[in-house]
DNA sequence: CCCCATATTTCCATTGCATGGAATTTGGGA
DNA sequence: TCCCAAATTCCATGCAATGGAAATATGGGG
């Protein structure tokens, strides 16, 4: 402590004085639950979150009281409870972006007979706000919302990386490099290519299975979080032909979405 | 403090020593967001939760850091963010009840051409885990999850009240009485009738619009939260005829669900 | 363009209460 | 019934959460 030039004075012990530790920890516990990890005991939660078991026990009980977790005593474990779903419902119904573009997405899916998705970044993954899955059988044209896909492997995620804030992109790439050790060379090159493609054409392509082509285009608007559209299709056609066919519709979707959002923006009245 | 007969010693100041106050408050902030109240400023959150503005400001910022809220600075307000959706997704994919009965529900909806739902209680409302909306136009057979409906007015909620724990039912009825002052007489009678019906026949009926008939049957299993099934239909037929037609399928759905769940129960291995 | 009204964020001293390690209890299997 | 693993509760410590007030930011109106 000889010089006051320390860029981050960080009072006391915590990095950010406006971060409530208990709340962060409680949320981390909720976040530990995901498909495939749907039933977690105290021990597992402690491992995944790095919290002490005593803390996990108390916070988990608190989450049960609030209704977000339920305790399965016969398995000595917790699982997410129904009110969590209603938060998701509230999120969807309140998302201006989703509500503005959902009709456009459905129309495009029907017209081109492709899957059309909208996603947002969350840490090192992308979360679908909506994914209209096109299917021959009409009854199976279901919609997936809330699903996570890896950022570094998907067109969706790479399109985001292309427009992510400098610092965040750097941090994310570092994480991926560490996590993907052996395959990093290939993945890094693909990400670089995707970034170039987004910078030049506004979209990028990924085809991780022979007959599946996925393309994604980010939607960047001032004062708004970044969203990414994607389209994907299973086809026997070449990647090039598919790309040529879908780039127009994808970019048009993005542009129409932007227009709709700009039009919906002005009235600064608050809903209550 | 003359007699130790005090039923609730409540140490120190807080009612329940294992309730983390900050976490409860943060969750209450999340819960303040619902359809129609999707964009909330600090002031509104403070009003709805009863918290001080300073506390709301700090906790809301924390929730932004965790990714569950996003801050719309142009409107000076918060809204739920995409990761909330992924929690909902994780909840659905991890719900043994939902996964066990979803196929049965879909089949019933198709066969009888009715809406079929599954819900769980949350405070004074019911939350749909799934609602398979039958519709002439196949393309519109969408599914609603996470939607809330009032407990005291719906067959779904009344069926729950019929099997709710003594003490909880009492508390809920008191809330409804206070909230529904003027209409309480009618509502109370309808709830009583519904409770009798559930006790006698296992289901209850509500028809709050002329041509809409809704029926609900609770699913009570040891060591498991209470769930409620419902079916509803818009029809020109009489309530009696509709009830006669649907009671069998509804109760059969409940019984099949119970059987499926009992069969899926035994293996006490924990998913990770 | 400036000023004002409103709402939000930050500051600060106080002490409530969250915390981790240890002890205890619980529950299931042998 | 006993044993083992896991969860819960206890406890002293002191960190960090809190509310009121001041400072600040924002946007509309004159």
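Assuming residue B:41 fulfils every condition listed in (1) more than 7 Å from chain A (Cβ to nearest Cβ); (2) surrounded by fewer than 21 Cβ atoms within 10 Å (Cβ to Cβ); (3) in contact (Cβ under 8 Å) with a residue 12 or more places away in the chain; (4) within 10 Å of DNA strand C (Cβ to nearest atom) apart from one, which condition is it? Failed condition: (1). Contact map, the stretch B:65-76: residues that are in contact (Cβ under 8 Å) with a residue 24 or more places away in the chain paired with residues that are assigned to a loop (DSSP other than H, G, I, E, B) and near DNA strand D (Cβ under 10 Å from one of its atoms), Cβ distance under 8 Å, separation 6+ or inter-chain. Pairs shown: B:72/A:223; B:75/A:268. Count of the stretch B:19-35 residues, restricted to those that are surrounded by fewer than 24 Cβ atoms within 10 Å (Cβ to Cβ), at the interface with chain A (Cβ under 7 Å from one of its Cβ atoms), more than 8 Å from DNA strand C (Cβ to nearest atom) and outside any helix (DSSP H, G or I), is 2. No other residue among B:199, B:211 is within 22 Å of residue B:124 (Cα to Cα), touching a residue at least 24 places away in the same chain (Cβ under 8 Å), more than 14 Å from chain A (Cβ to nearest Cβ) and loosely packed, with under 13 Cβ neighbours inside 10 Å apart from B:199. Of the residues making up the stretch A:150-161, not a single one is more than 18 Å from the chain's Cα centre (by Cα) and either crowded, with 17+ Cβ neighbours inside 10 Å or more than 19 Å from residue A:253 (Cβ to Cβ) (or both). One residue stands out among those in the stretch B:44-73 that are facing another protein chain (nearest Cβ under 10 Å) and over 18 Å from residue A:18 (Cβ atoms): the one that is nearest to DNA strand D (Cβ to nearest atom), which is B:72.
Here B:92, B:58, B:48 are screened, and the one residue that is under 22 Å from the mean Cα position of the chain (by Cα), in a helix (DSSP H, G or I) and farther than 30 Å from residue B:253 by Cα is B:48. Of the residues making up the stretch B:74-85, those that are facing another protein chain (nearest Cβ under 10 Å) and either surrounded by 19 or more Cβ atoms within 10 Å (Cβ to Cβ) or within 8 Å of DNA strand C (Cβ to nearest atom) (or both) are B:76, B:77, B:79, B:80, B:81, B:82, B:83, B:84, B:85.
Could you say whether any residue in the stretch A:129-147 is over 18 Å from residue B:67 (Cα atoms), in a helix (DSSP H, G or I) and at the interface with another protein chain (Cβ under 7 Å from one of its Cβ atoms)? Yes, the conditions are met somewhere in the stretch A:129-147. Being over 30 Å from residue B:31 (Cβ atoms) and in contact with a strand residue (DSSP E or B) (Cβ under 9 Å, 6 or more places away or on another chain) is the filter here, so list the residues in the stretch A:108-127 that pass it. Passing the criteria: A:108, A:109, A:110, A:112, A:113, A:114, A:115, A:116.
Mind checking whether some residue in the stretch A:113-127 is surrounded by fewer than 18 Cβ atoms within 10 Å (Cβ to Cβ) and within 16 Å of residue A:215 (Cβ to Cβ)? Yes, the stretch A:113-127 has at least one match. Looking only at residues in the stretch B:86-100 that are more than 7 Å from chain A (Cβ to nearest Cβ) and in contact with a strand residue (DSSP E or B) (Cβ under 6 Å, 6 or more places away or on another chain), which one is farthest from residue A:129 (Cα to Cα)? Result: B:97. Whether a residue is touching a strand residue (DSSP E or B) at 6+ places or on another chain (Cβ under 9 Å) and surrounded by fewer than 21 Cβ atoms within 10 Å (Cβ to Cβ) was assessed, and residue B:181 does not pass this test. Of the residues screened, residue A:3 is one that is modelled with pLDDT under 95 and more than 11 Å from DNA strand C (Cβ to nearest atom). Where helices (runs of 4 or more DSSP H) fall entirely within the stretch A:154-272, those with at least 2 residues that are farther than 28 Å from residue A:91 by Cα are at A:166-179, A:184-201, A:239-264.
The values are calculated or read from the model by the stated rules, or taken from the named source; none is laboratory data. None of these values were measured; they are calculated from a predicted model. We place every Cβ from the backbone using ideal geometry, glycine too, and count neighbours over all the protein chains shown.
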